[in-house]
1. Suppose we filter the range 158-179 for residues that are within 14 Å of the ligand (Cβ to nearest atom), open to solvent by less than 90 Å² (accessible area, probe 1.4 Å) and farther than 20 Å from Asp117 by Cα; how many remain?
2. So, in the range 57-96, how many residues would count as being open to solvent by 10 Å² or more (accessible area, probe 1.4 Å) and not in a loop (DSSP other than H, G, I, E, B)?
3. With respect to the numbered conditions (1) part of a loop (DSSP other than H, G, I, E, B); (2) at pLDDT 95 or above; (3) buried (at least 20 other Cβ atoms within 10 Å of the Cβ), which one is the sole condition not fulfilled by Thr40?
4. May I ask you to list the residues in the range 244-264 that are assigned to a helix (DSSP H, G or I) and open to solvent by less than 80 Å² (accessible area, probe 1.4 Å)?
5. Restricting to the range 265-310, what's the tally of residues that are part of a loop (DSSP other than H, G, I, E, B), touching a residue at least 12 places away in the same chain (Cβ under 8 Å) and over 23 Å from Asp219 (Cα atoms)?
6. For Ser136, only one of the following conditions fails: (1) open to solvent by 20 Å² or more (accessible area, probe 1.4 Å); (2) more than 15 Å from Leu287 (Cα to Cα); (3) under 19 Å from the mean Cα position of the chain (by Cα); (4) of a type in the set (S, T, N, Q). What is its number?
7. So which residues in the range 184-198 are near the ligand (Cβ under 9 Å from one of its atoms), modelled with pLDDT of 95 or more and in a loop (DSSP other than H, G, I, E, B)?
8. With respect to Lys127, is the statement that it is under 15 Å from the mean Cα position of the chain (by Cα) and either under 30 Å from Gln301 (Cβ atoms) or in a loop (DSSP other than H, G, I, E, B) (or both) true?
Amino acid sequence: MTELPGSQLIASVEAGGTKFVCAIGRGPGDIVAELRIPTTTPEETIERCLEFFSRQKTERGAVAALGVATFGPAGLNPARADYGYITTTPKPGWQNVPLLGALQSGLGGIPARFDTDVNAAALAEWKWGAGKGVDSLLYYTIGTGIGGGFVSSRGAPLHGLVHPEMGHVRLPRDPARDPFTGACPFHGDCFEGLASGTAIEARWNQSATHIPPEHPAWDLEAEYIALALNNSVCSLSPERLVLGGGVMEQQHLFPLIRLKLAQYLNGYIDSTMILEQIDQYVVPPALANQAGLLGGIALGQAALATLASA
Ligand code: ZN
């Protein structure tokens, strides 16, 4: 019997540095069970995930596939020995952990796919959210750190040598206007070092959530984000830009970012999306804080689709 695409239950794991979210479902509005687990040791955390899936199997039957949306850095190249691993993370105890293998074998070796949390979120927004109807989408999460994921046509997240690290691109900083030398332990004033929530707090000595909308912090923040978007538009030519994460809950940033992005591009990119419809081009996520979890479901469905087409 051939099941309709999207009709089978998928196991999703959103693996974060502070919590893991496990779920069973088929898509937005169809998450049938969910559990949040604090991230402790790899052994304990993975065991608790597998206990959850085992209970779900007893109650609802077997899942068809697994999708894992993970914090990183992570091994995404199936040709390499570190595929499915969390690799060089500074998080104690989590270096070189075979996360995908442990979860997949615990679930009986079902088809699975593994990607970064931000690529998974980009995939979910592309499939069900703010990117519905476009071929390519770039998703940035701007929170404690900054990450970016790009989904090209037909729903393939971009990988390469490893995976993109769009939060660490270099941006021009005017020391006269912004003497803060940056918060990134690797690069100082890269994008994340200048514009993450961590950087905002270090520069202004207060949490971003307490800084009022009229504070000069936001004009500077919009400037850095627009500079990064300018570079992404020129490099990847995405058809939509989705900006999520805790910092982007400051909705007043959106008009500022759009204005500055248009100024930086200066009419050079010949697209009505930028020249006339930038309000629909640079947008907030549609799936809110479920993008990672739904990304795991979308990854599991992609694993099944690959099998079906093989
Ligand atoms: Zn950096």
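The values are calculated or read from the model by the stated rules, or taken from the named source; none is laboratory data. Here the structure is a predicted model, which means the values were calculated and not measured. Counting neighbours? That spans all protein chains shown, and the Cβs are built from the backbone with ideal geometry, glycine included. Accessible surface areas use protein heavy atoms only, side chains included; no ligands, DNA or RNA. Shrake-Rupley method; radii C 1.70, N 1.55, O 1.52, S 1.80 Å.
1. First, the residues of the range 158-179 that are within 14 Å of the ligand (Cβ to nearest atom): 164-171, 173.
With the extra rule that they be open to solvent by less than 90 Å² (accessible area, probe 1.4 Å), the set shrinks to 164, 166-169, 171, 173.
Of the ones still in play, those that are also farther than 20 Å from Asp117 by Cα are 171, 173.
Final tally of qualifying residues: 2.
2. First, pick out the residues of the range 57-96 that are open to solvent by 10 Å² or more (accessible area, probe 1.4 Å): 57-64, 71-73, 76-83, 85, 87-88, 90-93, 95-96.
If we keep only those that are not in a loop (DSSP other than H, G, I, E, B) as well, we get 57-60.
Within the range 57-96, residues that are open to solvent by 10 Å² or more (accessible area, probe 1.4 Å) and not in a loop (DSSP other than H, G, I, E, B) number 4.
3. All conditions are met except number (3).
4. Filtering the range 244-264 down to residues assigned to a helix (DSSP H, G or I) leaves 246-249, 253-264.
Within the range 244-264, Gly246, Val247, Met248, Leu253, Phe254, Pro255, Leu256, Ile257, Arg258, Lys260, Leu261, Ala262 meet the criteria.
5. From the range 265-310, those part of a loop (DSSP other than H, G, I, E, B) are 266-271, 276-277, 284-287, 310; that's our starting set.
So of that shortlist, the ones also touching a residue at least 12 places away in the same chain (Cβ under 8 Å) come out as 269, 284-287.
Then drop every residue that is not over 23 Å from Asp219 (Cα atoms), which leaves 269, 286-287.
Adding up the residues that qualify gives 3.
6. Ser136 satisfies all of (1) open to solvent by 20 Å² or more (accessible area, probe 1.4 Å); (2) more than 15 Å from Leu287 (Cα to Cα); (3) under 19 Å from the mean Cα position of the chain (by Cα); (4) of a type in the set (S, T, N, Q) except (1).
7. Within the range 184-198, His187, Asp189 qualify.
8. Values: under 15 Å from the mean Cα position of the chain (by Cα): yes; either under 30 Å from Gln301 (Cβ atoms) or in a loop (DSSP other than H, G, I, E, B) (or both): yes.
Considered against the rule, which asks whether it is under 15 Å from the mean Cα position of the chain (by Cα) and either under 30 Å from Gln301 (Cβ atoms) or in a loop (DSSP other than H, G, I, E, B) (or both), Lys127 comes out as yes.
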